[in-house]
1. Just to check your reading of the model, which residue among GLY196, GLY216 is farther than 17 Å from LEU144 by Cβ, surrounded by fewer than 16 Cβ atoms within 10 Å (Cβ to Cβ) and not hydroxyl-bearing (Ser, Thr, Tyr)?
2. Scan region 147-155 and tell me whether some residue there is free of Cβ contacts under 8 Å to residues at least 40 places away in the same chain and either touching a Lys or Arg at 6+ places or on another chain (Cβ under 7 Å) or not acidic (Asp, Glu) (or both).
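Taken together, the values in this text are just the output of simple stated rules run on the coordinates, not laboratory data. All values reported here derive from a predicted model rather than from experimental measurement. Don't worry about glycine lacking a Cβ; one is built from the backbone with ideal geometry, like all the others, and counts go over all protein chains shown.
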Amino acid sequence: MIWGQLLLSLAFLALVLLAQMLDLPFLPALRTAFREAMMPEQNTFLSENRELSKFTEQAVQTLTNTVQKFMPAQSQTATPETAVRQTHAKAQQVPSGAREESYLPSFAICFPLAGRACTETSGYGWRTDPMGGSGSEFHLGNDLAAKEGTAILAAADGVVRCAGVHSSYGRYVRILHANGDETLYAHMQYLFVHTGQRVSAGDCLGTVGETGNATGPHLHFELLHKGIRYDPSEALQNAA
């Protein structure tokens, strides 16, 4: 153990001499590490206080810190593995107008499917594109698979902001509630309400279908607060 530490110390001293010859920028830090490890008040170089161990540990840490400090920024991120990780992180940024966390309205909501006769097939957040596209996508709501024709109910009192057809949502309804909260219901078979209509919690908005980008009959349900989409899972769990 001692011989290994001694060899490491000699190698470190050689690095100091090389840094001095080449005028490397981290030479002062190396000198400081050596000087602090060899302070006069220490009893002996190989005493029970581990002065040699202390010196070798300080040397390695100082060398690591100083080299990283003076390395060009691009060289620190130039490895293929790091580049792939950065590209993946960039691709996984949450879309504008959405948040990853849950949100609970200040008012009670009604479960949006009659009898709760459904199965959640896709939650909120990142998922593999179900339409066969490459990579992943950020899913903005919860998919609740149900029998075609199942009644879709308004989650709370409000005004129908939009009832129409969308290229992705298919037939859908968007309702404005109190406090800037909104709910959205998509892939509907039929629409029973119109834009501007006032609805109450539990009113039938239409029926479950598979219009738009859908792989089967289901309700795509979204929850928004002041125009920002949030995970509706907790709100659905607490729904009456």
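1. Unique residue meeting the criteria: GLY196.
2. Among the residues of region 147-155, not one is free of Cβ contacts under 8 Å to residues at least 40 places away in the same chain and either touching a Lys or Arg at 6+ places or on another chain (Cβ under 7 Å) or not acidic (Asp, Glu) (or both), which makes the answer no.
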